[in-house]
Amino acid sequence: MNRIMKYVFLALLATLTVACVLFLGFNVNCGITIPNPTEEPPTEPIDVRDLERQMIDKLKEAPWQGLRFLRGEKEWRFYALAGERQTVKLSAQFDLVKVFFLQADGDLDYTWSATGVDIPGHGYYSVASDPIAEGNVIEVALSGKHVTQSGVYWEECNTEYCRLAGMIDTILVLDDKGTGLTNGFIRYGWEPPTYPMYGFLCWQIRPYTVNRIASNDTNAH
């Protein structure tokens, strides 16, 4: 009799154990939600050549390619497409825009140009006359009493911005004559740096307008 009770007890114990395991397994599985796999939309690769062709086509709609001096305005000017923005801190904190432009031979090139600078003790000085949107055609120009057909003479401009511009312009001296990047660009057609820590243009920036096209221009580079 004792042996029968022992078997009955073991059978009940086994039944309870199985029931507990099944109960726990059911509750654990109910708390786990396995999401159905979703297919991510495929990303189309960027066609760099097609993008460059679009930029070239847009720049060809500008009045000219390359850098020109406008005698009437006493101004150096080229047309560009506004690109990405960047902030760098050298002698002061400059806000920059990447500018894509066509050389006189039609090749696409780019450099950086200041849109504004936070001058210590003088506040913020904006170089861009109006807000510039990425992808828009802009005018990048240099004018003033310190600008001539032969180049720029920063020392003849007594503003704090010109002092900073002269320093940025000569981060890299391009020859034994002390030629900075602006005069190298104007006189010899040397492209400005593509890396802003080597220097950038401190020119004026404004939206492109057909009303500012001059016919009496010379010296296309």
Residue within the stretch 132-150 that is out of contact with any Lys or Arg (no Cβ under 8 Å at 6 or more places or on another chain), farther than 19 Å from A82 by Cα and of a type in the set (S, T, Y) present: no
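Residue-by-condition table, conditions (1) under 30 Å from R49 (Cα atoms); (2) without any contact (Cβ under 8 Å) to a residue 24 or more places away in the chain:
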{"residue": "F78", "(1), (2)": "yes, no"}
{"residue": "V88", "(1), (2)": "yes, no"}
{"residue": "T115", "(1), (2)": "yes, no"}
{"residue": "Y124", "(1), (2)": "no, yes"}
{"residue": "P131", "(1), (2)": "yes, yes"}
Filtered residue count, the stretch 68-82, keeping only those that are within 27 Å of G123 (Cβ to Cβ) and either surrounded by fewer than 15 Cβ atoms within 10 Å (Cβ to Cβ) or not hydrophobic (A, V, I, L, M, F, W, C) (or both): 1
Of residues in the stretch 60-84 being of a type in the set (A, V, I, L, M) and within 18 Å of the chain's Cα centre (by Cα), the one farthest from G135 (Cα to Cα): A80
Residue check, Q65 in contact (Cβ under 8 Å) with a residue 24 or more places away in the chain, within 16 Å of V140 (Cα to Cα) and surrounded by 12 or more Cβ atoms within 10 Å (Cβ to Cβ): yes
Pick from the stretch 152-176, criterion of a type in the set (S, T, Y) and outside any helix (DSSP H, G or I), ranking: nearest to A141 (Cα to Cα): Y153
Residue under evaluation T179, criteria (1) of a type outside the set (G, A, S); (2) more than 18 Å from F100 (Cβ to Cβ); (3) not in a loop (DSSP other than H, G, I, E, B), criterion not met: (3)
Residues satisfying the stated conditions in the stretch 182-191, i.e. buried (at least 20 other Cβ atoms within 10 Å of the Cβ) and either assigned to a loop (DSSP other than H, G, I, E, B) or touching a residue at least 40 places away in the same chain (Cβ under 8 Å) (or both): T182, F185, I186
Test set (1) under 20 Å from the mean Cα position of the chain (by Cα); (2) crowded, with 21+ Cβ neighbours inside 10 Å - T194 fails condition number: (2)
Long-range neighbours under 7 Å by Cβ, at least six apart or interchain, first residue touching a residue at least 24 places away in the same chain (Cβ under 8 Å) and within 15 Å of S91 (Cβ to Cβ) within the stretch 158-177, second assigned to a helix (DSSP H, G or I) and polar (S, T, N, Q): D169/T182
Failed condition for V173, given (1) at pLDDT below 95; (2) closer than 25 Å to L81 by Cβ: (2)
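One line per residue, one yes/no per condition, for (1) touching a His at 6+ places or on another chain (Cβ under 8 Å); (2) loosely packed, with under 14 Cβ neighbours inside 10 Å; (3) farther than 30 Å from G178 by Cα:
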residue: R85; (1), (2), (3): no, yes, no
residue: V97; (1), (2), (3): no, no, no
residue: H122; (1), (2), (3): no, yes, no
residue: G135; (1), (2), (3): no, yes, yes
residue: V147; (1), (2), (3): no, no, no
residue: W154; (1), (2), (3): yes, no, no
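Of these, D130, D109, which one is charged (D, E, K, R), surrounded by fewer than 19 Cβ atoms within 10 Å (Cβ to Cβ) and part of a strand (DSSP E or B)? Walk me through how you get there before you give the answer.
Working: D130 fails: part of a strand (DSSP E or B).
Sole residue among the options that is charged (D, E, K, R), surrounded by fewer than 19 Cβ atoms within 10 Å (Cβ to Cβ) and part of a strand (DSSP E or B): D109.
The values are calculated or read from the model by the stated rules, or taken from the named source; none is laboratory data. Just so you know, these numbers come straight off a predicted model, no measurement behind them. No Cβ is skipped: glycine too gets one built from the backbone with ideal geometry, and neighbour counts run over all protein chains shown.
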